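To start, the structure itself, in structure tokens.
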Amino acid sequence: MPGKEGHSGLAPEARLSKKPRLAGPGYVQNINMNVRLEVRTANKAEEPLIKSLLDAYLRELSSYRDIAVDATMVVDYPYLHLYWSELERYPFILRSSSELAGFALIRQIAAQPATCMSVAEFYVVPDKRRQGLGRAAAQLLWKRFPGTWQLQVMKGNQPAMEFWRACIQEYASAWWVEEIQAPDGQRLYYHFEVS
């Protein structure tokens, strides 16, 4: 659970806007004999599905903030609709054995010296956790967008810190982390490469 979207500190004009939207059915991975994960681009008609999960995600995330700022409900989250109108934003639906299991909001941002991808928001519903779905979903997304990545995790969110550290250590070819002060508190800021 990386945290607040828009945390890169880049001015709006620094973001990319010329990358074509990826199309296609998505990626499928069998976790075990009984569990199948599908990660696919969400179409505009599926925005309500993500909204239905976003409230729970934001409430959970708010419990880890050091300082009470930013959205705690979907009505206060200003970025969701942009995932279907801005070319550098990618909304994904996660399904496990045909059931809605979560979502991922991925951004392409301009950074120095090169463009990178950012995990803006990532959520697996509580009853689908600890089954390998989150780790498999992260890896499928990284396969779809190989290259430089970043994400941020609130320091108080121990489960997310452990989850992302394990995923990055397992899959990234190189990585480093720094501690930063964000408006809502201390965060770990991961930078990594995947191929």
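The values are calculated or read from the model by the stated rules, or taken from the named source; none is laboratory data. In this text the structure is predicted, and so the values were computed from the model without any measurement. In this analysis, Cβ positions are derived from the backbone assuming ideal geometry, glycine residues included, and neighbour counts consider all displayed protein chains.
Among the residues making up the range 111-140, those that are among the polar types (S, T, N, Q) and either in contact with an Asp or Glu (Cβ under 7 Å, 6 or more places away or on another chain) or surrounded by 17 or more Cβ atoms within 10 Å (Cβ to Cβ) (or both) are Ser118, Gln131, Gln139. When we screen Arg89, Arg130, Arg144, Arg95 for residues that are basic (Lys, Arg) and farther than 18 Å from Glu46 by Cβ, the only hit is Arg130.
Would you call Tyr90 more than 17 Å from Leu61 (Cβ to Cβ) and part of a helix (DSSP H, G or I)? When the stated conditions are applied, Tyr90 does not pass them.
Of all residues in the range 37-52, those that are within 17 Å of Tyr77 (Cα to Cα) and free of Cβ contacts under 8 Å to residues at least 40 places away in the same chain have Cβ atoms under 8 Å from Cβ atoms of residues that are of a type outside the set (Val, Ile, Thr) and assigned to a helix (DSSP H, G or I), 6 or more apart or on another chain, in Lys51/Leu80.
Of all residues in the range 141-149, at least one satisfies being in a strand (DSSP E or B), in contact with a strand residue (DSSP E or B) (Cβ under 7 Å, 6 or more places away or on another chain) and surrounded by fewer than 22 Cβ atoms within 10 Å (Cβ to Cβ). Residues in the range 57-85 that are at pLDDT below 80 and among the aliphatic types (A, V, I, L, M): Leu61, Ile67, Ala68, Val69, Ala71, Met73, Val74, Val75. Residues in the range 174-187 include at least one that is in contact with a strand residue (DSSP E or B) (Cβ under 8 Å, 6 or more places away or on another chain) and buried (at least 21 other Cβ atoms within 10 Å of the Cβ).
Scanning the range 150-173 for residues that are surrounded by fewer than 20 Cβ atoms within 10 Å (Cβ to Cβ) and touching an Asp or Glu at 6+ places or on another chain (Cβ under 9 Å), we see that the one that is modelled with the lowest pLDDT is Gly156. Taken over the range 94-113, the criterion of being among the aliphatic types (A, V, I, L, M) and under 24 Å from His191 (Cα atoms) is satisfied by Leu94, Ala104, Leu105, Ile106, Ile109, Ala110, Ala111. Within the range 160-192, the set of residues being assigned to a helix (DSSP H, G or I) and either in contact with a Gly (Cβ under 7 Å, 6 or more places away or on another chain) or free of Cβ contacts under 8 Å to residues at least 40 places away in the same chain (or both) comprises Met161, Glu162, Phe163, Arg165, Ala166, Cys167, Ile168, Gln169, Glu170, Tyr171.
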